[in-house]
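Have a look at the structure below before the remarks.
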Amino acid sequence: TQVQSARLMLSLLLLPVCFLAFSNPVYWIFILAPLLALSGDYALYALGYPVLGSLSACARIIIPYGLIALAVFIHPAFISYSYFAGLLLAFVLTDLYIAHKLKMPFFFVPKWKNILLYFKSIPLGLVTLSLYFIGIGVLLIVPYFYPSEVVAVAFVGLKFYLIFIFEFNIIFFVY
């Protein structure tokens with residue numbers, strides 16, 4: 001409860017960043033911050049449900065990119081909207097499923113005092129951030145060296161790599 005409260009509090013602090021979307025539409029993604037914070041997927045791993053955790057993470061990749069694939073064929077101008085809608089749909093479905101599976105509430109009350117939990121876990125956060133940049137974060141510097149077509153292919157390739165890693169986690173934890 002404290003962790004979910006802290007996550008929701010931090011997401012509410014990040015929510016005003018979406019107003020920067022008037023200068024760059026990329027910032028609209030911050031409007032999803034509270035929904036992302038309500039995810040309890042980490043609890044699935046902690047409570048001994050690694051297969052469900054991996055399937056949840058896989059669904060969060062397949063749904064948005066599946067909608068992008070549909071948008072490419074139906075109306076390519078809607079690709080960014082499809083991704084946004086796919087993220088929204090994927091997180092709503094997986095968050096509701098996780099809350100149901102763990103028999104916990106979907107929404108938690110944000111409290112200022114719980115935000116201090118983030119300060120206690122700074123070393124773990126730095127490790128997680130480092131792993132992110134080792135994996136998919138490399139795409140932040142690739143556009144400076146390669147054309148946009150190569151960046152797009154690399155991004156999709158890394159997403160498939162992440163799906164492979166999720167599959168590996170399922171096999172590893174099951175056996």
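To the nearest 10 degrees, how steeply does helix 79-101 sit against the main Cα axis of the chain, on a 0 to 90 scale? It is inclined by approximately 20 degrees.
Relative to the longest principal axis of the Cα atoms of the chain, the long axis of helix 122-135 lies at roughly 20 degrees. Taking each DSSP H run with n ≥ 4 as -39500 (n - 2.57) and averaging over every residue of the chain yields -22000 deg cm²/dmol at 222 nm. Could you tell me how many degrees, from 0 to 90 and to the nearest 10, lie between the Cα long axis of helix 50-74 and the main elongation axis, the longest principal axis, of the Cα atoms of the chain? Rounded to the nearest ten degrees, it is 30.
The mean accessible area for residues of the chain, using a 1.4 Å probe and ignoring ligands and nucleic acids, is 66 Å² per residue.
Extension gain, Phe107 to Val127: 0.36 nm times the residue separation minus the Cα-Cα distance gives 4.4 nm.
Tally up the carbon and sulfur contribution to the accessible surface of the chain as a whole percent, 1.4 Å probe, everything protein left in place.
Carbon plus sulfur share of accessible area: 78 percent.
Please get the size of the charge dipole for the chain, origin at its Cα centre, with Cβ charges of +1 on Lys and Arg and -1 on Asp and Glu, quoted in debye to the nearest 20.
Working: 8 positive and 4 negative charges, 110 e Å.
So the magnitude is around 520 debye.
Ordering Tyr146, Ser121, Ser80 by the projection of their Cα atoms onto the charge dipole of the chain, which places +1 on the Cβ of Lys and Arg and -1 on the Cβ of Asp and Glu, puts Ser121 at the extreme positive end.
The values are calculated or read from the model by the stated rules, or taken from the named source; none is laboratory data. For clarity, every value in this text was computed on a predicted model and none was experimentally measured. Neighbour counts are summed over all protein chains in view; Cβ atoms, including those assigned to glycine, are modelled from backbone coordinates with ideal geometry. In case anyone asks, the SASA skips ligands and DNA or RNA and just uses the protein heavy atoms, side chains included. Shrake-Rupley method; radii C 1.70, N 1.55, O 1.52, S 1.80 Å.
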